[in-house]
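Some notes on the structure that comes next.
Quick note: the coordinates plus some simple rules give every number you see, no bench work behind them. Note that the structure is predicted; figures quoted are calculated from it, not measured. Here the Cβ positions follow ideal geometry from the backbone for every residue, glycine too, while neighbour counts run over all protein chains shown.
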Amino acid sequence: MISPCKKADFVSMRAGKSFYLILMQFPFPGTPAASGRQGTRSTIQATPAMHSVVRALALCGNEAPIYQAGLGGVAGPDLAAAVSEAGGLGHLGCIRRSAADVRLWIRATRAKTDRPFGVNLVPPGGGPDGFEAQLQVVLDERPKVLSLFWGDFAQVIPRAKAAGIVTMVQIGSVAEARKAARDGADMVIAQGIESGGHVRGKVGLMALLPAVVEAIAPVPVLAAGGIADAAAVDAVLRMGAAGAWVGTRFVVSHESLAHDIYKQRLIEAGTDDTYHGHFYSYGWKLGTPYRAIRSRERWNPYHLIAGGARRSDDEKHARSFSVYGGQGVDKIREILSAREIVARLLQRGSGA
Ligand SMILES: Cc1cc2nc3c(=O)[nH]c(=O)nc-3n(C[C@H](O)[C@H](O)[C@H](O)COP(=O)(O)O)c2cc1C
């Protein structure tokens, strides 16, 4: 929860069993209601840009500026609910799921948490029923947030907003950010080229983030790409981000649907081990760009294919594919619970 303070300029945030204190350098507008949860302190220092942090929290109803990325094949109800229970905003990665499955997942998440969460859709991965059928379920079920990636959303955003759903679009350039803002997006996710999975643009987050923040102010902008510890969260908040959109770090959580071998490969990978490729990624058009970690099995032709590896996939697949991962992998040393990851992302000096 965030509670306004009239004399000292600070926002206090409680998330699950954790209590986060963000020092503010200015007064701020209206904030969401208290939840009464308690716990430990974070050391993230605020900047004037924290106005947008507060605006994003007020829009989405989460308590800490940590937004779990829509991780296709990896983020199901267990992960989304655990992140939201920890005070962040969890997301269901619904790429390639049938419309019926999207509904089941939304309901399963609601059974696990009464906290807000988001649904992520990617039109080229509309699943057996297509994107429109997935979208219809979202409009019916009305999760708090819809995040969209890889498409033209001019016709989608007004429909989602009319259903009362906070709508955000992940972009990879200033031009795309301007378009998303013109189309009415409530929030934008600036995805740097450091990011794991499919990568929309060619610009590093350090240059992209401030340019997008300036171009579409006052629309809140989340930062994505290589964020895997509290130092990185702190850095993007200081650069004007409204929050951190974190993918690879949450793949290596107990709750993610990723195969254990995939998690282990991310733990073993270092900063130099990811590459930006555009040959073939499973289920996507030839030539779609992505960031992954190369398989050690270079003799195996499957290493030329990039993909995720789910618990339900076989061991061979998990070893031989190149697997999605962002440039923050070096910070990932162990599998943690989503709650612990959210807490560590907010506590500088704690490691990941
Ligand atoms: C395994 C994996 C799957 C992903 N799937 C999706 C997806 O379905 N939809 C989406 O919007 N982004 C997806 N992304 C990209 C994330 O939204 C985000 O941009 C990225 O994870 C941020 O970089 P990081 O992984 O270094 O934190 C995926 C990323 C990974 C690592």
What shape does the stretch 127-232 have by the C-alpha gyration tensor, where a ≥ b ≥ c are the square roots of the eigenvalues, rounded means a/c under 1.5, and otherwise prolate means a/b greater than b/c and oblate the rest?
prolate
Is the shape of the stretch 67-146 rounded, prolate or oblate, going by the alpha carbon gyration tensor and its root eigenvalues a ≥ b ≥ c, with a/c under 1.5 for rounded and a/b larger than b/c for prolate?
prolate
A student applying the Cα gyration tensor rule (rounded when a/c is under 1.5; otherwise prolate if a/b is larger than b/c, oblate if not) would label the stretch 35-185 oblate
Give a quick list of chymotrypsin sites (Phe, Trp or Tyr not before Pro) in the stretch 279-352 that DSSP marks as loop, anything other than H, G, I, E or B, with at most 10 other Cβ atoms within 10 Å.
Trp299
Provide the percentage of antiparallel DSSP beta bridges, counting only those with both residues in the stretch 205-352; round to the nearest 5.
45 percent
Of the beta bridges DSSP finds with both residues in the stretch 261-342, what % are antiparallel, to the nearest 5?
60 percent
For the stretch 162-270, run through the trypsin sites (Lys or Arg not before Pro) and keep only the ones in DSSP coil with at most 16 other Cβ atoms within 10 Å of their Cβ.
Lys202
Assuming R0 = 25 Å, can you tell me the calculated FRET efficiency for the pair Ala231 and Ala58, based on Cβ-Cβ distance, to the nearest 0.05?
0.45
